[in-house]
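Data block below; observations after.
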Amino acid sequence: MSEALHILKEIFGYPAFRGQQAEVIAHLTQGGDCLVLMPTGGGKSLCYQIPALLRDGVAIVVSPLIALMQNQVTALHELGVSAAVLNSSLSLQEATAVEQNLLAGECDLLYVAPERLLTARFLNLISHVPIALFAIDEAHCVSQWGHDFRPEYIQLSVLHERFPQVPRIALTATADMETRQEIIERLGLNTARVFVSSFDRPNIRYQIVDKTNSRSQLLAFIQAEHPADAGIVYCLSRKKVEETAAWLAEQGLRAVAYHAGMDMQDRSLNQEKFLREDGVIMVATIAFGMGIDKPDVRFVAHLDLPKSVEGYYQETGRAGRDGQAANAWMVYGLGDVIQQRRMIEESEAHAKFKQVATRKLEAMLSLCETITCRRMRMLSYFGEAVTAQSCGNCDICLNPPKVWDATIEVQKALSCVYRTGQTFGAGHLIDVLRGNLTDRVKEWHHDRISTFGIGKDLPEKNWRAVFRQIVALGLLTTDSEGHGALHLTEASRAILKGQQPVLLRQQSKPERLSDKRQAVELKAFDDNERALWEQLRVWRAKIAKEHGVPAYVIFHDSTLLELVRLRPQTEDDLRQVTGVGVRKLDKYGHDLIEILCGI
Ligand code: ADP
Ligand code: ZN
């Protein structure tokens, strides 16, 4: 193992292994198969990169995304590791050169797309060289039920049949049990050792706020907490993506858009901008994200409700891969609940699918409406044994909501639904309850029914929160015609009869959590340190541009922070800094010392 640690320090410049990395590396290096389940940012790549260097021969890494492969290889080159990609983006000439290198035994890691790997030509090629291991990245792509399904992944079982003596490692950040089981079955990993890490992402702060005006709420959030940071904003529809991106740009932010309806070129242009430049905001549908391994995404914002906790976890998980503080922020309102329910109702899918979708949505809604720690809820949803009551880093823990007895108000709301014939949406119902004489109220003579004006004492905003929660709780549902008309459910009967009290969350004050923000070191900088930090960033941007790589490939923010904090003045001191390996010391040591001594 000391050899692995040596490589970690010398080549990658990291002082210690994280979580289960050391165990995984030892197991694989000794020739064992394994399945590694680690959250995003957990450090999966090192689990096969170090064994690739320790074992004889080339490590073949299967990855579904061309951009991702290229990024990994670029980062490895920066570290002085011999690695290559083989995929459809190469010219014939380039591909031949890679193949020759491979045959000459000059390649330690080869990244291939699954369809290329499965060709007779490629399988034949690698039968002539010693193979260190097979790594199957994003292994959840074998799952037919997941949205990242890749048919070629299923055929990857051929690797074991053709090369039974070569150890295999499958890796994924997908947390749910069903997918795990599917990976094991489809890839024939029944005897593989399974390494499960906690899926907690302690550096991510979860926050779900009541939706009032999502755009201005978003802007306020970005301005207050992330004025110059990279982030992702998820919206449900393509139209909303475009409008939101344009609007943020008008407000002076560096926002770009991404959705599957855009033409290929614009899409990849925007993606490149997001990956390479500092502080770009990507506004996107969920088509964007898989395989995006940008480590310094500081926030993920949702303007619409995700369909499931799995989706929410995966999307928010793209924040803070580098382990530094990050925010997962979402606005959520009655409209979201109605919209998601309607989408399930109206989908063409068969009954079984609708049932599953409904169950997943219910779990998501209860995460939104919870009055206990969001993190603990999520972890226990994924089957983790939860030991603590609170995490101290979600909105619930930082600003616990009050609960109030809303039985009477809910009864008023439900009977108003009943008296108006169960054919109206929340807006009109609230008008009736509050006694607003609108045209619609007059037209339907709803000023003459017994529930007219019985809810005057509660402001409209609070009524909306009441309706949102009772819809989320399943006390009201929408009709299948999809006009947002609410009607009673089986469950509402007991409430109307007064047999059951209803406790609801108090409308949370839109208090800013930033005051209670984690002590991000940046904020604690004095002027001198800030100047040094800026200078290092400028230098990094220049080098990255010269090399044609994203800035984080040169050095992570965490390395720059450490440089500012420790101010190393000699090469020996520099070597102690996390993220500075021999190769980078060689290339950049001189520049860095000049900057560090100059200030
Ligand atoms: P994953 O693929 O699991 O999402 P990565 O392999 O991309 O995660 O690793 C996330 C980040 O953490 C990378 O920037 C990586 O360099 C860094 N990292 C991984 N292992 C360590 C470690 N032992 N010490 C410090 N940083 C690490
Ligand atoms: Zn919490």
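The alpha carbon centroids of the range 382-413 and the range 425-451 are separated by 32 Å.
Would you mind classifying the range 2-196 by shape? Square roots of the alpha carbon gyration tensor eigenvalues, ordered a ≥ b ≥ c; an a/c under 1.5 is rounded, otherwise it is prolate if a/b is larger than b/c and oblate if not. Because its axes are fairly even, with a/c under 1.5, the range 2-196 counts as rounded.
Using a probe of 1.4 Å, the accessible surface attributed to GLU384 totals some 50 Å² when neighbouring protein chains are kept in position. Computed on protein heavy atoms with a 1.4 Å probe, the accessible areas place ARG254, ARG321, ARG540 in the order ARG254, ARG321, ARG540, largest first.
Beta bridges assigned by DSSP with both partners in the chain are antiparallel in approximately 10 percent of cases.
Quick check: Cα centre of the range 305-345 to Cα centre of the range 1-64, how many Å? With the range 305-345 and the range 1-64 each reduced to a Cα centre, they are spaced 31 Å. So how many Lys-Lys pairs in the range 403-505 land under 18 Å Cα to Cα, not counting same-chain pairs under 8 apart? Count of close lysine pairs: 4. A straight Cα-to-Cα reach below 17 Å connects LYS587 with the aspartates and glutamates GLU10, GLU78, GLU546, GLU571, ASP572, ASP573, residues fewer than 8 places away in its own chain not being considered. Label the range 313-412 by shape, choosing from rounded, prolate and oblate, from the square roots a ≥ b ≥ c of the eigenvalues of the Cα gyration tensor; if a/c is under 1.5 it is rounded, and otherwise prolate applies when a/b is larger than b/c, oblate when it is not. Here the range 313-412 falls in the oblate category. Near the amide H of VAL85, within less than 5 Å, lie the amide hydrogens of TYR111, all on another chain or at least 5 residues away, with H placed in the peptide plane. Axis angle, to the nearest 10 degrees, between helix 334-346 and the longest C-alpha principal axis of the chain: 80 degrees.
Rolling a 1.4 Å probe over the protein chains gives TRP463 an accessible area of about 0 Å². Note on the range 373-481: Rg/Rh from C-alpha atoms, Kirkwood Rh, equals 1.13.
So what's the convex hull volume per residue for the Cα atoms of the range 525-598, in Å³?
Details: hull volume 5.7 nm³, N = 74.
Here the figure is 78 Å³ per residue.
Mind checking which of LEU133, MET343, ALA544 is farthest towards the positive end of the chain's charge dipole, using Cβ charges of +1 (Lys, Arg) and -1 (Asp, Glu) about the Cα centre? So the residue we want is MET343. With coordinates expressed along the principal axes, the C-alpha atoms belonging to the chain extend over 88, 60, 47 Å, beginning with the largest.
Neighbours of PRO64, meaning other residues whose beta-carbon lies under 15 angstrom from its beta-carbon, give a summed charge of -2 when Lys and Arg score +1 and Asp and Glu score -1.
The values are calculated or read from the model by the stated rules, or taken from the named source; none is laboratory data. This is a predicted model, so every value here is computed, not measured. Don't worry about glycine lacking a Cβ; one is built from the backbone with ideal geometry, like all the others, and counts go over all protein chains shown. Note: accessible area is taken over every heavy atom of the protein model, side chains too, but ligands, DNA and RNA are not part of it. Shrake-Rupley method; radii C 1.70, N 1.55, O 1.52, S 1.80 Å.
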